[in-house]
Amino acid sequence: MNSTHACLLALLLPILGAGARAQRLADAPAFTAQGAFVAIVVTDLDASMQWYQSTLGLHLIKRGKAPRIPAETAVLGGPNLFVELIHHQGKVLPKIDNEASVPRLLKAGVIVAGQDFDALAAHLQKRGIDARVFEDKEMGVRSFLFKDNDGNLIQFFTENQ
């Protein structure tokens, strides 16, 4: 497991709460997530904005130039979810292992309630997006993952009932 996957796992496990079978880190505070934020590097900002708006029903909150790096960003929002899309201008960042030359997120996860989880999976499948639900018994969750228009992996989780 690389450090990016380990960091994502460390962030997701405490959020899953009592339903998760994994042990909680001794010094990590117990909390329940009230929402999620994901930042994703994209190759075409306009196309990605359109994809997230039409596929997940998000709306544009703000768009502009990044203050510290040569990039343009757009923040989209929905019910307890913010997605920041980042389009680097001119500078190609280094590859991660065997990743494509365009830097991108390896995977982002969002945790939702059971009824919302099932409705979202059905919505995506109706739109032709492969969002097959699977169970992770060790983590105590049901999950599905899919790729956005740029190939970024987005995963949704809900506690097993």
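Only the coordinates and a few stated rules stand behind these numbers; no lab work does. All of these numbers come straight from a predicted model, not from anything done at the bench. Note: ideal-geometry Cβ built from the backbone for every residue, glycine included; neighbour counts use all protein chains shown.
I need the calculated FRET efficiency for the pair LYS62 and GLU135, taking r as the beta carbon distance and R₀ as 25 Å, to the nearest 0.05.
Efficiency at R0 = 25 Å is approximately 0.10.
Please list, in chain and number order, the residues 5+ apart from ASN160 or on another chain whose amide H is under 5 Å from its amide H, with Hs placed from the backbone.
VAL141, ARG142
Each residue of the range 123-134 in order: what ³J(HN,Hα) in whole Hz does its phi give by Karplus 6.51 cos²θ - 1.76 cosθ + 1.60, θ = phi - 60°, with x for Gly and Pro?
4, 5, 5, 5, 8, x, 9, 6, 10, 6, 7, 9
Cut-off under 20 Å on the C-alpha distance; same-chain residues fewer than 8 positions from LYS107 excluded. Which aspartates and glutamates are left, in chain and number order?
Excluding near neighbours in sequence, the set is ASP44, GLU84, ASP97, GLU99, ASP130, GLU135, ASP136, GLU138, ASP148, ASP150, GLU159.
What is the sum of charges around GLY35, taking Lys and Arg as +1, Asp and Glu as -1, for the other residues whose C-beta is under 15 Å from the C-beta of GLY35?
Cβ neighbours under 15 Å give a net charge of -2.
Report, by chain and number, residues whose modeled amide H sits under 5 Å from the one on LEU81, excluding near sequence neighbours (fewer than 5 apart, same chain).
Excluding prolines and chain starts, which carry no amide H, the hits are ALA36.
Non-local amide H neighbours of VAL42 (under 5 Å, H modeled in plane, Pro and chain starts lacking H): which ones?
Amide H neighbours of VAL42, under 5 Å, 5+ apart: ILE86, HIS87, HIS88.
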